[in-house]
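Here's the structure we're looking at; comments come further down.
The values are calculated or read from the model by the stated rules, or taken from the named source; none is laboratory data. These numbers were taken from a predicted model, which means no experiment stands behind them. Cβ sites come from the backbone with ideal geometry, for glycine too, and all protein chains shown count toward neighbours. The protein model used for the area step is the full one, side chains on, heavy atoms only, and it has no ligands, DNA or RNA in it. Shrake-Rupley method; radii C 1.70, N 1.55, O 1.52, S 1.80 Å.
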Amino acid sequence: MSKEKILRTHSDLIIYTDENWELLKLKRKRAIELLDIFKQFNPYVYGSIARGNVHAESDIDIIFLNVIQTFQIELILHENGM
């Protein structure tokens, strides 16, 4: 059995400028919109948007805890102009 150390907790101090706060606000607003259109599947946001350490290229990570066919996701996105 391996005796490697495992990091159980981790925290970073993130100091945001006003521009960083605005970017986080915009990305979280977009994430809420996506959560709303998929609400029937009870999705969750994770990753940088959930942690709050976003940057300009950050994507929106959403997880569904149940199996959903990709065509259903594509259909919902299409119906909502995405």
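Observations on the structure shown:
- Label zone at GLU22 (point 7 Å along Cα-to-Cβ), backbone N below 20 Å, the range 51-70: 52-59
- Here the Karplus relation 6.51 cos²θ - 1.76 cosθ + 1.60, evaluated at θ = phi - 60°, turns the backbone of the range 51-68 into coupling constants of 6, x, 9, 7, 9, 4, 9, 4, 9, 9, 8, 10, 10, 10, 7, 10, 6, 10 Hz, with x for every Gly and Pro.
- Listed residues GLN72, ASN42, THR17: farthest to the positive end of the dipole of the chain (Cβ charges): ASN42
- Dipole magnitude of the chain about its Cα centre (Cβ charges: Lys, Arg +1; Asp, Glu -1), debye to nearest 20: 440 debye
- Whole-number accessible area per residue in Å² for the chain, which is evaluated in the context of all protein chains at 1.4 Å: 86 Å²
- Its residues counted as N, the range 40-82 yields a C-alpha radius of gyration over 2.2 N^0.38 Å of 1.34.
- Spherically averaged projected area of the chain from its Cα convex hull (nm²): 8.3 nm²
- Counting only DSSP H runs of at least 4 residues, each contributing -39500 (n - 2.57), and dividing by the residue count of the chain, the helix-based mean residue ellipticity at 222 nm comes to -12500 deg cm²/dmol.
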